[in-house]
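Peer 1: Once you've had a glance at the structure underneath, I'll fire off some questions.
The values are calculated or read from the model by the stated rules, or taken from the named source; none is laboratory data. Since the model is a prediction, treat every value here as computed from it, not as a measurement. Every residue, glycine as well, gets a Cβ built from its backbone with ideal geometry; the counts of neighbours run over all protein chains shown. Only protein heavy atoms, including side chains, enter the accessible area calculation; ligands, DNA and RNA are left aside. Shrake-Rupley method; radii C 1.70, N 1.55, O 1.52, S 1.80 Å.
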Amino acid sequence: MFGRAMHQRRLSPTMLRLVAAVFVLQLLSSAAAIFFLRTQMLDVVRADREDQVIDVRDDLLAAFYSGGRESLDDFIRDQRGSVADPGVFVALAGGSAPALTSNIDFVPAIAPGPRPQSVLVRRGDSATDQEALVLATTLPDGAKLTVGLMGASERRFNLAFAAAIGLTIAVAVALALLSAVVLGVAISSRTHEIAQAAEELAAGNFGMRLAEGQSGDGFDHLRLQMNQMAERIASLVAELGAVSGALAHDLRSPVTRLSAAIDTALARVDEPGAIEALQAARADADGLRAMLETALEISRLEGGTAQDRRVSLDLAAVAADMAELYEPLAEQSGVTMTLDLAPAWIMADRELISRALANAIDNALKYGGTAITLRTCVAEGEAVLEVADNGPGIAPEDRPRVIERFVRLDNARTLPGGGLGLSMVNAVARLHRGRLELGEAAGGGLSLTLHLPR
């Protein structure tokens, strides 16, 4: 049924926004993870350094309690045990002995406490203060023992982390972008698949079914509902077709019998007035039968039950044939027909396109002015077929109405017709996945334009 694969815009604005949103969210989550990791690692490093300071303090206390102040002074002066670490500094002041320092020039003034504190200290030939963890303890003899550890370990960690963070961010950005694109393409592909199925249903392909997955996600649920909807629509269309066929049969028979009865009466009467009345009745019966056939044909087209008879054809050739067919009628009506035809090849049903063009030309001959122009061309990837006249045209507010069935404007009620011509044109356009546009022609009349996909 006049189906074609829908053009899938992989880089549509919606998809780009989705990819950008996923990318930003993943980038933010990666940044949060990196920040959390750095914080945790710094906490671990600080805890280790605090434990190291406490261990040094405990070693010094052990030396004090084992040999008194003299043993403690020897331990510090000889830099034995943990005091031998170049990052460790010790200061001992107060009590009965002179002050003593190791690896430090300036003793920070901090109050004794259970845990080390962060302070700035200066040692050796350094002209700048450095961060250190310092723990102060009051000895039993009244002396104040200050033990500290320089922040070199933390500085090294920060430098190493800064060197690694660039590569980490680059990898995180690349992975975030890749995952966002993969996710966007996957969602877009599955959405396009369902949208294409909906397009097939709109075109009348009620036998279309989506492959149902087993993941149980929202897309599988949507596929299931689409298939059930297609089955229900197919059932309703079949019922409608059966009713339409029965209606057509039931209505055609009485109209045919009526026409036959009128023909019989015409053959049996001689009175001129009766003959004229019977001929008028016969014309009305023929018009009724034509309206019935057209209405049923529109229902068949819009219901998607038309047979697929697509062929490759040139709209310019179809327009030229129809112009030749209508040329005598146009001359008889005093209408000039102009052709402006450029090749416009499409896959379409030639009979339906011809009928739509015939209805458009017939509408222009009835309600247009003294000139009709047929144009064909290719514009913006579409085949365009236009029928323009220089008549009174149709007001913009009335244009959506005139393509509805049995709608006739006030100025057209005195002319023959059933209000189905433009409805037929619109149904043919929709069947071919195209559209019908009504506008104002260059000369002020009506422009009826068919846009058909190539």
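Peer 1: Suppose the filter is surrounded by 15 or more Cβ atoms within 10 Å (Cβ to Cβ), farther than 28 Å from Leu175 by Cα and in contact (Cβ under 8 Å) with a residue 24 or more places away in the chain; does Ile34 pass it?
Peer 2: Judged against the criteria, Ile34 is not a match.
Peer 1: I'm trying to understand the selection: among the residues of region 353-370, which are crowded, with 21+ Cβ neighbours inside 10 Å and of a type in the set (A, V, I, L, M, F, W, C)?
Peer 2: Ile353, Ala356, Leu357, Ala360, Ile361, Ala364
Peer 1: I would also like to ask the following. Within region 371-378, does at least one residue satisfy the condition of being open to solvent by less than 30 Å² (accessible area, probe 1.4 Å), outside any helix (DSSP H, G or I) and either at pLDDT below 85 or acidic (Asp, Glu) (or both)?
Peer 2: Taking every residue of region 371-378 in turn, none turns out to be open to solvent by less than 30 Å² (accessible area, probe 1.4 Å), outside any helix (DSSP H, G or I) and either at pLDDT below 85 or acidic (Asp, Glu) (or both).
Peer 1: For region 379-392, give me each residue that is within 11 Å of Ser447 (Cα to Cα), open to solvent by less than 20 Å² (accessible area, probe 1.4 Å) and at pLDDT 90 or above.
Peer 2: Leu385, Val387, Ala388, Asp389
Peer 1: Right, something else. From (1) outside any helix (DSSP H, G or I); (2) under 20 Å from Arg350 (Cβ atoms); (3) open to solvent by 70 Å² or more (accessible area, probe 1.4 Å); (4) at pLDDT 80 or above, pick out the condition that doesn't hold for Glu324.
Peer 2: (1)
Peer 1: Which residues, counting only those in region 327-350, are open to solvent by 80 Å² or more (accessible area, probe 1.4 Å) and touching a Cys at 6+ places or on another chain (Cβ under 9 Å)?
Peer 2: Scanning region 327-350 gives Asp340, Pro343.
Peer 1: Say whether the condition of being on the phi < 0 side of the Ramachandran plot, at pLDDT 75 or above and in a loop (DSSP other than H, G, I, E, B) is met by at least one residue in region 44-66.
Peer 2: no
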